[in-house]
There are 2 protein chains.
Amino acid sequence: MQFSSKLLEEAVNEFSKLPGIGSKTALRLVLHLLNQNSDEVTHFGNTIIKLRQNIRFCTNCGNISDTPVCEICTHPKRDRSLVCVVEDSRDVMAIENTQQFNGLYHVLNGLISPMEGVGPSDLNINRLVERVASGEPTEIILALNPTMEGDTTIFYLYKKLKDFNVKITTIARGISFGGEIEYADELTLGRSIATRVLYENSLLK
Amino acid sequence: MQFSSKLLEEAVNEFSKLPGIGSKTALRLVLHLLNQNSDEVTHFGNTIIKLRQNIRFCTNCGNISDTPVCEICTHPKRDRSLVCVVEDSRDVMAIENTQQFNGLYHVLNGLISPMEGVGPSDLNINRLVERVASGEPTEIILALNPTMEGDTTIFYLYKKLKDFNVKITTIARGISFGGEIEYADELTLGRSIATRVLYENSLLK
């Protein structure tokens, strides 16, 4: 693209670095900002800068938090014996929205991915081992995406945690509710038969 | 969405104001920024602020420019008798990319849209009339989108300019090159027959 202004080009390049934003979308966003009031755009820019500089992570679970220990970890009614391990804060929000889980979380902040150069030491794993070693959790739920990276991470965590006195579980995989068997992929369908459960156990308690 | 941090929530809200960005995409962008180096994110924020505060528009044609008069308007080899009127800077880039046009531009910075409260006085129209009145352009090409707003704007500009000694043209509409007649919409197909051209005239000179 040929730009008529250096400032414009720089802004479009910055937006293009965001995931899923190509140069045409970036240009659209930048031209939108140019049509906004200057104060609003300054506020937008400052919000981003402030976010990155002041963001804190819960020292217990690694979730994004404004306080040293997050609201979930300090909540008196949460079941401290259950810890759900997730990839990032988005998964915490998704699980919280279900209102089906009343334990604590542990945010890894990524998954093991040799392709992208992410090893176990880049993730929030040591703190998880500490938490398990403290004896407080009795069950660790590994709620990671069913991808190569997710499975690798689950296997790594399983090896790290299996010698502690803690139950290690993963979320159920199968045909989604409302999903049609006819259209399910073979792997999911095959595995949902192989790992079938007693009807009584499939009901919510 | 339930956020674990006010800072996070504010940043997601700001991103959600951008066109085509919903709250899930906004969250994805914000979490991406959190994983970047602090200096880079500060640079991103400052680029946006600097853009909005320092952006200048060419005093002749209204295009985005770092100099008082833009590079196209000052270019010695451009044909000053031809002026192509467009909605915004994106259209200037698109036309420049074709390398088929060697005249000057005039950027309206929008289209007349009663629905969105945009009237002729909100657009860069007075300056266009001045340019035409100066006698320099001999042809005005109205290259606006074939929408209700575009057609309204074309009609308004035509009435404003028709009494000057200047030829007023619009870009050709029809079946696109590579487009199949079978799949063309009825309006385009019908009009492409009604406004058919002599074969010799359809060839590029």
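No lab work stands behind these numbers, since they all come straight from the coordinates. Everything numeric here is computed off the predicted structure, so don't read it as measured data. Here Cβ is always computed from backbone atoms with ideal geometry, including for glycine, and neighbour counts include all displayed protein chains.
Quick check: is even one residue across segment A:63-84 among the hydroxyl-bearing types (Ser, Thr, Tyr), more than 17 Å from the chain's Cα centre (by Cα) and assigned to a loop (DSSP other than H, G, I, E, B)? Give the steps one after another, and end with the answer.
Residues of segment A:63-84 among the hydroxyl-bearing types (Ser, Thr, Tyr): A:65, A:67, A:74, A:81.
Pick out the ones that are also more than 17 Å from the chain's Cα centre (by Cα) and you get A:67, A:74, A:81.
Adding the requirement that they be assigned to a loop (DSSP other than H, G, I, E, B) leaves A:67.
Yes, segment A:63-84 contains a residue that is among the hydroxyl-bearing types (Ser, Thr, Tyr), more than 17 Å from the chain's Cα centre (by Cα) and assigned to a loop (DSSP other than H, G, I, E, B).
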#### Entry: Single condition B:Glu71 does not satisfy, out of (1) more than 19 Å from B:Glu139 (Cβ to Cβ); (2) buried (at least 20 other Cβ atoms within 10 Å of the Cβ)
(2)
### Query
Regarding B:Asn63, is this residue of a type in the set (S, T, N, Q), in contact with a helix residue (DSSP H, G or I) (Cβ under 8 Å, 6 or more places away or on another chain) and more than 8 Å from every other protein chain (Cβ to nearest Cβ)?
no
#### Entry: Hits in segment B:117-145 - residues which are under 17 Å from the mean Cα position of the chain (by Cα) and either within 15 Å of B:Arg80 (Cβ to Cβ) or of a type in the set (D, E, K, R) (or both)
B:Asp122, B:Arg127, B:Leu128, B:Ile140, B:Ile141
### Summary
Reported set for segment A:10-55 where residues are closer than 16 Å to B:Ala94 by Cβ and of a type outside the set (A, V, I, L, M) is A:Gly22, A:Ser23, A:Lys24, A:Thr25, A:Arg28
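Can you find a residue in segment B:40-47 that is facing chain A (nearest Cβ under 7 Å), of a type in the set (Asp, Glu) and surrounded by fewer than 21 Cβ atoms within 10 Å (Cβ to Cβ)? Write out each step before concluding.
At the first step, the residues of segment B:40-47 found to be facing chain A (nearest Cβ under 7 Å) are B:41-42, B:44-47.
Among the residues that remain, those that are also of a type in the set (Asp, Glu) are: none.
Within segment B:40-47 (the criterion being facing chain A (nearest Cβ under 7 Å), of a type in the set (Asp, Glu) and surrounded by fewer than 21 Cβ atoms within 10 Å (Cβ to Cβ)), the answer is no, since none of the residues qualifies.
When you look at B:Ala94, is it free of Cβ contacts under 8 Å to residues at least 12 places away in the same chain and over 30 Å from A:Asn54 (Cα atoms), yes or no? Let's see the steps before the verdict.
Numbers: free of Cβ contacts under 8 Å to residues at least 12 places away in the same chain: yes; over 30 Å from A:Asn54 (Cα atoms): yes.
Here the answer is yes, as B:Ala94 does meet what is asked.
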### Message
So B:Phe57 ticks every box in (1) touching a strand residue (DSSP E or B) at 6+ places or on another chain (Cβ under 9 Å); (2) more than 7 Å from chain A (Cβ to nearest Cβ); (3) buried (at least 20 other Cβ atoms within 10 Å of the Cβ) but one. Which box is left unticked?
### Response
(3)
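I need the full set of residues from segment A:97-124 which are β-branched (Val, Ile, Thr), closer than 19 Å to A:Ile72 by Cα and out of contact with any strand residue (DSSP E or B) (no Cβ under 9 Å at 6 or more places or on another chain), in order please.
The initial filter retains those residues of segment A:97-124 that are β-branched (Val, Ile, Thr), namely A:98, A:107, A:112, A:118.
Adding the requirement that they be closer than 19 Å to A:Ile72 by Cα leaves A:98, A:107.
Answer for segment A:97-124, where residues must be β-branched (Val, Ile, Thr), closer than 19 Å to A:Ile72 by Cα and out of contact with any strand residue (DSSP E or B) (no Cβ under 9 Å at 6 or more places or on another chain): just A:Thr98.
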### Message
Being surrounded by fewer than 12 Cβ atoms within 10 Å (Cβ to Cβ) and either within 14 Å of chain B (Cβ to nearest Cβ) or more than 19 Å from A:Arg173 (Cα to Cα) (or both): is that true of A:Met93 here?
### Response
no
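Here is a yes/no grid of residues against (1) facing chain A (nearest Cβ under 7 Å); (2) in contact with a Lys or Arg (Cβ under 6 Å, 6 or more places away or on another chain); (3) among the hydroxyl-bearing types (Ser, Thr, Tyr):
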site: B:Leu34; (1), (2), (3): yes, no, no
site: B:Arg52; (1), (2), (3): yes, no, no
site: B:Cys70; (1), (2), (3): yes, no, no
site: B:Thr74; (1), (2), (3): no, no, yes
site: B:Arg80; (1), (2), (3): no, no, no
#### Entry: Evaluation of A:Ser4 against (1) at the interface with another protein chain (Cβ under 7 Å from one of its Cβ atoms); (2) in a helix (DSSP H, G or I) (one fails), failing number
(2)
### Message
When you scan segment B:174-187, do you find a residue that is assigned to a loop (DSSP other than H, G, I, E, B) and either touching a residue at least 24 places away in the same chain (Cβ under 8 Å) or in contact with a helix residue (DSSP H, G or I) (Cβ under 6 Å, 6 or more places away or on another chain) (or both), even just one?
### Response
yes
### Task
Would you be able to say whether some residue in segment A:109-117 is outside any loop (DSSP other than H, G, I, E, B), within 28 Å of A:Asp151 (Cβ to Cβ), away from chain B (no Cβ under 13 Å) and of a type in the set (A, V, I, L, M, F, W, C)?
yes
### Task
Filter segment B:16-30 down to the residues that are more than 11 Å from A:Ile21 (Cβ to Cβ) and facing another protein chain (nearest Cβ under 9 Å), then identify the one that is surrounded by the most Cβ atoms within 10 Å (Cβ to Cβ).
B:Val30
### Query
Got at least one residue in segment B:132-154 being among the hydroxyl-bearing types (Ser, Thr, Tyr), in contact with a strand residue (DSSP E or B) (Cβ under 8 Å, 6 or more places away or on another chain) and farther than 24 Å from A:Asn35 by Cα?
yes
## Note on the structure
Restricting segment B:170-205 to residues that are surrounded by fewer than 10 Cβ atoms within 10 Å (Cβ to Cβ), among the small types (Gly, Ala, Ser) and more than 18 Å from B:Asn145 (Cα to Cα), the one nearest to the chain's Cα centre (by Cα) turns out to be B:Gly178
### Message
Anything in segment A:142-180 that is among the polar types (S, T, N, Q) and closer than 16 Å to A:Pro114 by Cα? List them, or say none.
### Response
A:Thr147, A:Thr152, A:Thr153
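Report whether or not A:Thr169 is touching a residue at least 24 places away in the same chain (Cβ under 8 Å), more than 30 Å from A:Pro76 (Cβ to Cβ) and of a type in the set (S, T, N, Q). If you could, list the steps in order and put the result at the bottom.
Working: touching a residue at least 24 places away in the same chain (Cβ under 8 Å): yes; more than 30 Å from A:Pro76 (Cβ to Cβ): no; of a type in the set (S, T, N, Q): yes.
Criteria not met by A:Thr169.
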